[in-house]
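Have a look at the structure below before the remarks.
The values are calculated or read from the model by the stated rules, or taken from the named source; none is laboratory data. Model, not experiment: these values are computed from the prediction. Cβ placement follows ideal geometry from the backbone for every residue including glycine, while neighbour counts extend to all protein chains displayed. Ligands, DNA and RNA are excluded from the accessible area calculation, which covers all protein heavy atoms including side chains. Shrake-Rupley method; radii C 1.70, N 1.55, O 1.52, S 1.80 Å.
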Amino acid sequence: MVKLEANLQFMFNEFELIDRYEQAAKAGFKGVELQAPYSLEIDQIKEKLYEHKLKHVIINLPVSDPDTNLGNIALRPDRKDLFLERLDLGLRYASNLGCIGINTGIGTKPEGFNDEEIYQTLIDNQKVASEKLFAKNIMALIEPINVVDQPGFFINTSKQGIQLIEKINHNNAFLLYDVYHMQIMEGDLIRTISSIIDKIGHVQIADNPGRNEPGTGEINYPKIFDVFDQIGYKGWVGCEYKPLVDTHSSLSWMKKNYNTI
């Protein structure tokens, strides 16, 4: 049975960020993820994790460029030093919080550079990330994102993600497979998931269209969860969706159909 955890960037937005840990536990979750924990002190978060018996599954690297506010420093040849600084910051948070992985970030294509040097920069940065995170037993996660929500995003499909992982050539580089993004970009979800499961380090979900909770759109999540069970996926599944009304009412699909929280 899939292990569902709550994405605190998207869920429980009715509460202050630090209070979302408690709300996730009250809702029955055993795990959480959070893209940007950096406004909180590590000890603050650890206290909440201990108090509510929660596993902090993943975080994201802070990859916003201070000059452009675009989250693409991993692609910029002139920002390699900044990427390494942010990598060290993310690693400090992830290792202290007991995370299993870090979404290392890709971003939209920057102006002023050709595709070849952008791609090589990404490979170089991901090699370093994979090695540094490996030393702390933390997965380096690479997430393709759809170009409808984020026009110009540099890696858009699972195929491109796998090609990048092959270029990185490190056994600590894994795909973050977001079912919502991949439904938009490529479809054929079950066949794709089954064929690349050994490359998937983490899964995220939302329905399409709308990016709301499962059951509000076109994706057959009962079947997809069955497939994850059949192929032996043991990792977490992050609920990275926007609740249609409010978070607590959005959880009825889990309690009714899956009894996974």
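Could you tell me which of rounded, prolate or oblate describes region 77-132, using a ≥ b ≥ c as the square roots of the eigenvalues of the alpha-carbon gyration tensor, with rounded for a/c under 1.5 and, failing that, prolate when a/b is larger than b/c and oblate otherwise? Let's see the in-between values first.
Values: a/c = 2.48, a/b = 2.34, b/c = 1.06.
The shape class here is prolate.
Need the list of aspartates and glutamates near LYS159 for cross-linking: C-alpha distance under 16 angstrom, and skip anything on the same chain fewer than eight residues off.
GLU143, ASP178, GLU186, ASP188, ASP198
Determine the per residue accessible area of the chain with all protein chains present and a 1.4 angstrom probe, expressed in square angstrom. Please list the in-between numbers first.
Details: 11640 Å² over 261 residues.
Computed with neighbouring chains in place, this is 45 Å² per residue.
Give me the net charge for the shell around ILE145: Cβ to Cβ below 15 angstrom, other residues only, Lys and Arg +1, Asp and Glu -1.
Working: positive: LYS109, LYS159, ARG211; negative: GLU143, ASP149, ASP178, GLU186, GLU240.
Charge balance near ILE145 sits at -2.
Choose one of GLN23, GLN9, ILE184: the residue whose Cα lies farthest towards the positive end of the charge dipole of the chain (beta-carbon charges +1 Lys, Arg; -1 Asp, Glu; about the Cα centre).
GLN23
From Cα pairs below 8 angstrom and at least 6 apart in sequence, can you work out the relative contact order of the chain, rounded to a whole percent? Working shown, then result.
On the way: 488 pairs, mean separation 53.2, N = 261.
For the chain, the relative contact order is 20 percent.
State the percent of C-alpha pairs, over all pairs in region 139-201, separated by a distance greater than 17 angstrom. Before the final figure, lay out the partial values.
On the way: 642 of 1953 pairs.
Roughly 33 percent, once rounded to a whole number.
Separation of region 223-253 and region 173-215 by C-alpha centroid, Å?
About 11 Å separates the Cα centre of region 223-253 from the one of region 173-215.
Would you be so kind as to identify which of GLY232, PRO151, ALA135 lies farthest towards the positive end of the dipole of the chain, taking Lys and Arg as +1 and Asp and Glu as -1 on Cβ and the Cα centre as origin?
GLY232
If you keep only loop residues by DSSP, which GluC sites (Glu not before Pro) in region 9-70 have at most 14 other Cβ atoms within 10 Å of their Cβ? It would help to have the intermediate numbers written out before the result.
Working: sites: GLU14, GLU16, GLU22, GLU33, GLU41, GLU47, GLU51; in loops: GLU14, GLU16, GLU41.
Filter output for region 9-70: GLU14, GLU16, GLU41.
Which trypsin sites (Lys or Arg not before Pro) in region 27-59 sit in a loop by DSSP (not H, G, I, E or B) and have at most 12 other Cβ atoms within 10 Å of their own Cβ?
On the way: sites: LYS30, LYS46, LYS48, LYS53, LYS55; in loops: LYS30, LYS53.
Loop-located and lightly packed - LYS53.
In units of 2.2 N^0.38 Å, what is the alpha-carbon radius of gyration of the chain? Let's see the in-between values first.
Details: Rg = 17.5 Å, N = 261, 2.2 N^0.38 = 18.2 Å.
Compactness ratio reported: 0.96.
Under the 0.36 nm per residue contour assumption, what length would be gained going from the current alpha-carbon distance of LYS26 and GLU85 to full extension?
Details: separation 59, 0.36 × 59 = 21.24 nm, distance 3.57 nm.
17.7 nm is the gain from fully extending LYS26 to GLU85.
What does the convex hull of the Cα atoms come to per residue for region 1-119, in Å³? Can you show the working numbers first?
On the way: hull volume 14.6 nm³, N = 119.
Dividing the Cα hull volume of region 1-119 by its residues yields 122 Å³.
Under the √(5λ) rule applied to the eigenvalues of the Cα gyration tensor, what semi-axes describe the equivalent ellipsoid of region 201-261? Give them in Å, descending. Display every interim value, and only then the final one.
Numbers: eigenvalues 76, 31, 25 Å².
The equivalent ellipsoid of region 201-261 has semi-axes of 19, 12, 11 Å.
Sort the following peptides by mean Cβ neighbour count (other Cβ atoms within 10 Å, averaged over residues), highest first: 62-74, 122-134. Mind showing how you got there, number by number?
Values: 62-74: 17.3, 122-134: 20.0.
Top to bottom by mean Cβ count within 10 Å: 122-134, 62-74.
With no solvent and one equal point scatterer per Cα, compute the Debye intensity ratio I(q)/I(0) for region 83-236 at 0.17, 0.20 Å⁻¹ and report its log10, rounded to two decimals.
Evaluating at q = 0.17, 0.20 Å⁻¹ gives log10 I(q)/I(0) of -1.04, -1.32.
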